[in-house]
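In what follows, a structure is listed as structure tokens, so that the remarks can point back to it.
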Protein chains: 2
Amino acid sequence: MALIVQKYGGTSVADLERIRNVAKRIVGAYDQGNDVVVILSAMAGITDSLIDMAQQVTHYPEKRELDVLLATGEQTTAALLAMTLNAMGYRAQSLLGFQAEVVTDCTFGNARIMDIGATRIKELVSSRTIVVIAGFQGCDVNGNITTLGRGGSDTSAVAIAAAIKADICEIYTDVNGVYTTDPNICSAARKIDRISYEEMLEMASLGAKVLQIRSVEFAKKYNVVVHVRSSFTEEEGTMVVNEDKSMERLVVSSVTVNKKEARITLIKVPDQPGIAARIFSPIAEAGINVDMIIQNRHSGKFNDLTFTVPTPDFEKAMELAREIAADIHAEDVLGDTNIAKVSVIGVGMKNHSGVATRMFSALAAKSINILMISTSEIRISCVIAEEYAELAVRTLHAAFGLDKS
Amino acid sequence: MALIVQKYGGTSVADLERIRNVAKRIVGAYDQGNDVVVILSAMAGITDSLIDMAQQVTHYPEKRELDVLLATGEQTTAALLAMTLNAMGYRAQSLLGFQAEVVTDCTFGNARIMDIGATRIKELVSSRTIVVIAGFQGCDVNGNITTLGRGGSDTSAVAIAAAIKADICEIYTDVNGVYTTDPNICSAARKIDRISYEEMLEMASLGAKVLQIRSVEFAKKYNVVVHVRSSFTEEEGTMVVNEDKSMERLVVSSVTVNKKEARITLIKVPDQPGIAARIFSPIAEAGINVDMIIQNRHSGKFNDLTFTVPTPDFEKAMELAREIAADIHAEDVLGDTNIAKVSVIGVGMKNHSGVATRMFSALAAKSINILMISTSEIRISCVIAEEYAELAVRTLHAAFGLDKS
């Protein structure tokens, strides 16, 4: 008999019918003698429509109040699910962020969990009550309601699983698990049975939407075993766990692609100490996240400097780049939104050489030109022209032996 | 400069446009140097649609969870209004029931306020922040969310006004104030400028929906000056205050009508001690509120006993009455749903005789038969056939000099 945390995403609780199905799945686990703590998202689309409503009030809604508004989404599903479980004859109780003692910092809209004083959760569990917790929300030390940012319910679930020392944290979503690559691009994509925290972190930071990146960090830090699976089937999903022996057999475990970045190049930047800081400080101050940065020697005492930013920030970043270029006497600023970043990820890379070469050769064989390269210990990313994105993904998926056997 | 509590009902905050209007009214008071604490209802219709949603889950939703669900309604409007005020450049903060320390008992769905530890409200007010409080909701000592029952936001407002010793509690609604009678029935109805707590209590208990009865009890107990007025005009409404000299000039200040009661008569009830208790205990146990009770001598050692119940409880009450009648050997049970209760109310009645006579004569002059009579110190009610209800109201309104001068 285990202590199980189950997290259900927005599509799994999108209406009363689906909430009933979720309830059935929960009591299935409960009736086997397990203790179950459930974390819920808002109904699919609700958070967006609440944000829309706030946007109609003002383009920059006060963040504290936006959190109060957004928190109603998860409050609604938590109450409805607890009600459904009660109506089925099971003891169940909903808890909001403040009731579950999810203490966060004061960063409204993107708060970080500081502590979970799970006394009430534990009390309820020990009386065999199914605990239904509103995800995504917490409470700062002053009793203000906070929210954890997009996908925050994943983080709620993993953090609560860590706090109550759950045996497993099941993340129910609308896909069967984590795939070797996007099945919409590559029909040979396979579901991954086991993946390490590190690989999952790289995938999440490269834009895979299966798990919020912070939830994976939490899982890694507290060794929470995470099971990503579908709420619409009984099929096993993907286990996210500590790196283990079996994983090392695969050098590369997945291929990802991100088309939502744009490239900016400053031509003939004077080669002086401190120039990089002068370039990137104003961009950081504007709240723009720079992803890759590459500097190459131009002729003479000059460098060319290229970096990528999220596409929605491209116009603003170009504007800033032009001001900076004038300021530091760079020759020109070039921009390009038609790029894609393809990456291969795998813990096996740590002990294998030749991964980069294999990647570059595979792309070259299809005449795909590489515009930028960046690497981490377990990842290699190449920026290419956007039109080659799908071809590159399929090529790399095959090249690293990920196609169905 | 005053400390003003303003409460806005559901129609006043029915959409973002109206919330903006409410915000303008608030800053109007604030800019004159007043401190303003606002209590809000949910958008019109929202509470009903949340109840509908719960009803789709189960006919008898767990009351604790229903309160969690319903509380989202006021949470939404409080956040949106605070956001609107912030966007207009004013310091404003929303507080939910638990944040405003509205401590209630544990009667989910109909909780009573036990205490308001208004430290946070006072702190915010003293920093010239406009405080926007979600009405209708509180929190029990265990941190569970509770709601105060229909119209509970009125009670929230008056209780908070009492707790922070506000100079006035303005209740903004969709009518201009309290009327001498229903203007839809009697075109001669006039707005009342000042009315006593006692009269308002009688009116509320007779079905006038302007104020929740408990809010008036609170106002009376803590001497809170209440101003009932429209959020759509600048016009002065009705002041609900302690009885004062000027009020005594009018013997009767209002006429009310209630068509939502039904009458049940037990014929030939044996005249024995304890028989009334045997009749009414099962009805009370079924949660049915009996309003009027009248017992008349039948021939011999028998009485006829008549009482009224709310129309929605009529079928159930008839069923119980038939069981009781068989049990105590009463001869028959008669029921009638086509009745109306007309009442005249006035503190002046205390010092004036002849009010009852004038009422009975006026009804008799229109050939309206009186089926039942009941009185309090400041009220006389007559049950009549429903078809005469409007005529009776207009007749009494004129008979007691309430028509427009």
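Where a number appears in this text, it was derived from the coordinates with a stated rule and is not lab data. Predicted model, so just to flag it, every value in this text is computed and none were measured. Here Cβ is always computed from backbone atoms with ideal geometry, including for glycine, and neighbour counts include all displayed protein chains.
Rg and Dmax of the stretch A:339-398, both derived from C-alpha coordinates alone, stand at 10.8, 33 Å. Separation of the stretch B:178-200 and the stretch B:10-64 by C-alpha centroid, Å? What the calculation gives is 25 Å, centre to centre. Look at the stretch A:66-76: the mean tally of other chain Cβ atoms within 10 Å of its residues' Cβ atoms is 5. Taking only the C-alpha atoms of the stretch B:50-126, the Rg (one decimal) and the largest Cα-Cα distance, Dmax (whole number), read 15.4, 46 Å. When restricted to Cα atoms, the stretch A:90-150 yields an Rg and a Dmax of 12.0, 37 Å, respectively.
Taking the Cα centre of the stretch B:112-252 as origin, sum charge times position over the Cβ atoms of Lys and Arg (+1) and Asp and Glu (-1), and report the length of that vector in debye to the nearest 20. Provide the component values of the computation, followed by the final result.
Working: 16 positive and 19 negative charges, 56 e Å.
Dipole size: approximately 260 debye.
Go ahead and run the numbers for FRET between A:E387 and B:R112, Cβ-Cβ distance against an R0 of 60 Å, rounding to 0.05. Intermediate values should be presented prior to the final figure.
On the way: r = 68 Å, r/R0 = 1.14.
Calculated value: 0.30.
Where does the stretch A:244-405 land on Rg(C-alpha)/(2.2 N^0.38 Å)? It is 1.16.
Under a Gaussian network description of chain A, with springs only between Cα atoms under 10 Å, the residue in A:T238, A:T146, A:T375 that fluctuates furthest is A:T375. Using only Cα coordinates, the Kirkwood hydrodynamic radius of the stretch B:162-211 works out to 12.4 Å.
Quick check on chain A: helices-only [θ] at 222 nm, where DSSP H runs of length 4 and up contribute -39,500 (n - 2.57) each and the sum goes over total residues. Nearest 500, please. Let's see the in-between values first.
Values: 11 runs with 140 residues, N = 405.
Mean residue ellipticity, 222 nm, calculated: -11000 deg cm²/dmol.
For chain B, the longest principal axis of the alpha carbon atoms and the long axis of helix B:389-399 meet at an angle near 80°.
Partner aspartates and glutamates whose Cα lies under 19 Å from the Cα of A:K221, excluding those fewer than 8 positions away in the same chain, are identified as A:D105, A:D115, A:D154, A:D167, A:E170, A:E198, A:E199, A:E202, A:E243, A:D244, A:E377. Label point of A:A44 set 7 angstrom out along Cα-Cβ; within the stretch A:197-235, amide nitrogens under 20 Å from it belong to A:208-212, A:228-235. In this simple spin-label model, placing a label point 7 Å from the Cα along the Cα-to-Cβ direction at both A:A277 and B:D105 gives a separation of 6.7 nm. With the convex hull of its Cα atoms as the shape, chain B has an orientation-averaged projected area of 22.2 nm².
Between B:T357 and A:Q55, the simple label model (points 7 Å from Cα in the Cβ direction) yields a spacing of 7.4 nm.
Each of A:Q6, A:A163, A:Y30 was placed along the dipole of the stretch A:3-174 (beta-carbon charges, centred on the mean Cα), and the one lying farthest toward the positive end is A:Y30. When B:M114 is represented by a point 7 angstrom out along its Cα-to-C-beta vector, the spacings to that point in the other copies are 2.8 nm, nearest first. In the protein assembly as shown, the DSSP beta bridges split such that about 60 percent are antiparallel, to the nearest 5.
Per residue of peptide B:94-101, the mean number of Cβ atoms on other chains within 10 Å of the residue Cβ is 4.
Scanning residues 5 or more positions from A:M114 or on other chains, those with amide H under 5 Å from its amide H are A:V103, A:T104, A:D105, with H placed 1.01 Å from N in the peptide plane.
Grab the eigenvalues of the alpha-carbon gyration tensor for the stretch B:3-174, scale each by 5, take roots, and send me the semi-axes largest first in whole angstrom. Let's see the in-between values first.
Values: eigenvalues 134, 67, 29 Å².
After diagonalising the Cα gyration tensor, the semi-axes are 26, 18, 12 Å.
Let's test the formula: R0 of 41 Å, r as the Cβ-Cβ distance of A:K209 and A:H298. What FRET efficiency results, to the nearest 0.05?
Working: r = 39 Å, r/R0 = 0.94.
Working from the Cβ atoms, E equals 0.60.
Cross-linked pairs B:K24/B:K122; A:K191/A:K350; B:K191/B:K220; A:K63/B:K209; A:K165/A:K220: Cα-Cα separations exceed 25 Å for A:K63/B:K209.
Can you compute the charge dipole magnitude of chain A about its Cα centre, using +1 on each Lys and Arg Cβ and -1 on each Asp and Glu Cβ, nothing else charged? Give it in debye, rounded to the nearest 20. Kindly include the intermediate steps, with their values, before the conclusion.
Numbers: 40 positive and 49 negative charges, 180 e Å.
Once rounded to the nearest 20, the dipole reads 860 debye.
Rounded to the nearest 0.05, the FRET efficiency derived from the C-beta distance between A:N289 and A:I370 at R0 = 25 Å is 0.65.
Start at zero, step by 20 Å, and the Cα-Cα distances of the protein assembly as shown spread as 14, 35, 30, 15, 7, 1, 0 percent across the bins.
Using the crude model of +1 on Lys and Arg Cβ and -1 on Asp and Glu Cβ, and no other charge, please compute the dipole size for the protein assembly as shown relative to its Cα centre, in debye to 20. It would help to have the intermediate numbers written out before the result.
On the way: 80 positive and 98 negative charges, 68 e Å.
Roughly 320 debye, rounded to the nearest 20.
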